[in-house]
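Everything below concerns the one structure shown next.
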Amino acid sequence: MLGVNVPAELGGLGAGVVAYSLAVTQLAKACAATTVAVCVSNMVAEVIASFGTPEQVRTHVPRLVRGEYTVGAFALSEPGAGSDPGGMRTRARRDGNDWVIDGTKAWITSGTDAGLFVVWARTSEGSGTRGISCFLVPAGTPGLTVGKPERKMGLRGSTTTPLAFDGCRVPADALLGEEGRGFRVAMMALDGGRIGIASQALGIGRAALEAALAHARTRRQFGRPIGDFQAVQWRLADMATALDAAELLALQAAFRKERGLTFTREASMAKLFASERAVEACNLALDVLAGAGYRREGPAERYFRDVRVTTIYEGTSEVQRIVISRQIARRFGGAS
């Protein structure tokens, strides 16, 4: 699972993006927390394979795929720069043959477990997203401190931490991609990552639907299974229809990426639609399960807690709508 979409010559399965999307969906049905760690680690392997030097690729990608780093982590967000990476304050300055990184990152998936971090920092005084560069920083590098895990609403099996960089020194060859063009690396990673999040949301939604179906068959009220009542049937129908549509959007984005076609718009559409429909599906599942779904002993309340963040991370629903509208304007003409 740590290398489904990584080329076979680098130790991965080389199965392609469509297979990756399908695998993520199935994994998320069982454990969404494990899934997010897998998705982020795949993103790390992919950006290194795409932008790394031959030496960086040989050194890091096989180790990520084999689990020697446990997982990789993606350090872009900051306390004051989440949806707006142009507000980044983390700095990296050149000192001889090294780069020295100072700053703070936030909301880092697998922060306590990752063996390798992909870190973004500002290397020049350019405005907005200009002058941002990307670095590979192994765990345990002096000057890198992993903070206390956040106490989260959901995905509790996956740690999320801040990172602090205080004179963190890495060699010049830790630079990933071109100096000052790290934002391009981040956007490529996020476009692909949104396919993974759409697939994760879909898996959680399908798990909620299956729980609701099972309860509708076995729970009896007024002398018959509650699944015989139209009010329950309509909820199940709405869930199934929305999730099937979400799957088609996710697979369309995955197919386009696999074929080397543009997929930014499709990935944002898939992430937006799948996450919002999955949240609705988990809510409808609680309607069907009623008190049984509200108990901590059952899985439905976990699905509800886990799914909510899929509308937030890797770009909120509002960010996805901005991306989609800009892509539409470019493709069909009009205001951008």
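Tabulated results
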| read-out | value |
| --- | --- |
| Evaluation of Pro85 against (1) in the same structural domain as Thr109 (by TED's automatic domain parsing); (2) surrounded by fewer than 16 Cβ atoms within 10 Å (Cβ to Cβ) (one fails), failing number | (2) |
| Residues satisfying the stated conditions in the stretch 1-44, i.e. of a type outside the set (Val, Ile, Thr), farther than 30 Å from Asp244 by Cβ and either in a loop (DSSP other than H, G, I, E, B) or under 15 Å from the mean Cα position of the chain (by Cα) (or both) | Pro7, Gly11 |
| Which numbered condition Thr262 fails, given (1) outside any helix (DSSP H, G or I); (2) β-branched (Val, Ile, Thr); (3) touching a His at 6+ places or on another chain (Cβ under 7 Å) | (3) |
| Number of the exception - Glu78 against (1) touching a residue at least 40 places away in the same chain (Cβ under 8 Å); (2) touching a Ser or Thr at 6+ places or on another chain (Cβ under 9 Å); (3) within 19 Å of Gly315 (Cα to Cα) | (1) |
| Of the criteria (1) over 23 Å from the mean Cα position of the chain (by Cα); (2) assigned by TED's automatic domain parsing to the domain that holds Lys271; (3) of a type outside the set (Asp, Glu); (4) under 24 Å from Glu78 (Cα atoms), which one Gly196 fails | (1) |
| Residue check, Leu64 buried (at least 19 other Cβ atoms within 10 Å of the Cβ), assigned to a helix (DSSP H, G or I) and among the hydrophobic types (A, V, I, L, M, F, W, C) | yes |
| Matching entry among Thr25, Thr53, Thr70 (being in contact (Cβ under 8 Å) with a residue 12 or more places away in the chain, surrounded by fewer than 17 Cβ atoms within 10 Å (Cβ to Cβ), out of contact with any His (no Cβ under 8 Å at 6 or more places or on another chain) and of a type in the set (Ser, Thr, Tyr)) | Thr53 |
| Residue count for the stretch 152-191, restricted to those that are in a strand (DSSP E or B) and either modelled with pLDDT under 95 or touching a Pro at 6+ places or on another chain (Cβ under 6 Å) (or both) | 2 |
| Positions within the stretch 310-321 being surrounded by 22 or more Cβ atoms within 10 Å (Cβ to Cβ) and closer than 14 Å to Ile204 by Cβ, in sequence order | Thr310 |
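The values are calculated or read from the model by the stated rules, or taken from the named source; none is laboratory data. Predicted, not measured: the structure shown is a model, and the values here were computed from it. We place every Cβ from the backbone using ideal geometry, glycine too, and count neighbours over all the protein chains shown.
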